[in-house]
Amino acid sequence: MTVYTTMDSPLGELLLAGEESATAKGGVALASLSLPEQKGAAVVRDGWVRAPEAFDGIAGQLGAYFEGGLTQFDLEYVDGGTDFQRRVWQALDAIPYGMTVTYGQIAARVGSAGAGVRAVGTAIGRNPLLVVRPCHRVIGADGALRGYAAGLERKGRLLGLEGALVS
């Protein structure tokens, strides 16, 4: 069963969706975290159950992150995506708080250098877990902010919150 809630954040109202899980803290594995006006954002569907209490732990971690007190999330995620997307997303999860890497560096980490950079960018763009899976930490080779489904202004705000230096 899919459960969901919304919560306020410095980026706007977040939509969190998850699946019940016997192994996840709080009983919910996070399937999606969407920001307002996000390209490809999740939408509440028929049959989804509003259950704010199921997201108390997740919401607490997000609140601590936005306040600058949390540098790494401890959440269970719903498995999704293709094998390639999951490899890219695992590479995103490995980017330390406050650091940035380039799309080319991610491509090299997943064995897809060269022309594979475009495929990596597409996989990053399909990340269903904005903020908690840190695709905002991926920048252009020239140090510029590039591509973020919720907008470059929000990407910059997240990097600013983390103290990442972007030239």
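The charge dipole of the chain, taken about its Cα centre with unit charges on the Cβ of Lys, Arg, Asp and Glu (plus for the first two, minus for the last two), comes to roughly 700 debye. Given (1) 43, 33, 27; (2) 51, 45, 27; (3) 92, 26, 23 as candidate values of Cα extents along the principal axes in Å, which corresponds to the one derived from the coordinates? So the structure-derived entry is (1).
The share of accessible area on segment 116-167 that comes from carbon and sulfur is 55 percent, using a 1.4 angstrom probe. Taking only Cα atoms, what is the 0 to 90° angle, nearest 10, from helix 116-125's long axis to the longest principal axis of the chain? Here the helix axis deviates by roughly 30 degrees. Averaged per residue, segment 71-167 has 48 square angstrom of accessible surface, using a 1.4 angstrom probe with ligands and nucleic acids left out. Roughly how tilted is helix 83-93, in degrees to the nearest 10 and between 0 and 90, from the longest Cα axis of the chain? Orientation of helix 83-93: about 90 degrees from the principal axis. Sorted on the mean count of surrounding Cβ atoms within 10 Å across their residues, most packed first, peptides 73-81, 118-126 read 118-126, 73-81.
At 222 nm, what helix-only mean residue ellipticity would the chain give, in deg cm²/dmol to the nearest 500, using -39500 (n - 2.57) for each DSSP H run of four or more?
Counting only the DSSP helices, I get -9000 deg cm²/dmol.
Could you tell me the distance between the Cα centroids of segment 65-132 and segment 136-155, to the nearest Å? Going from one Cα centre to the other spans 13 Å. The heavy atoms of residue 99 present about 100 square angstrom of accessible area, all protein chains included, probe 1.4 Å. Packing-based ranking of 154-164, 47-57 yields 154-164, 47-57, ordered from highest to lowest mean Cβ neighbour count within 10 Å. Angle of helix 56-66 to the longest C-alpha principal axis of the chain, folded into 0 to 90 degrees and rounded to 10: 40°.
The values are calculated or read from the model by the stated rules, or taken from the named source; none is laboratory data. Predicted model, so just to flag it, every value in this text is computed and none were measured. As a convention, Cβ positions derive from the backbone with ideal geometry for all residues, glycine included, and neighbour counts pool all protein chains shown. The accessibility values were calculated without ligands, DNA or RNA, using every heavy atom of the protein model including side chains. Shrake-Rupley method; radii C 1.70, N 1.55, O 1.52, S 1.80 Å.
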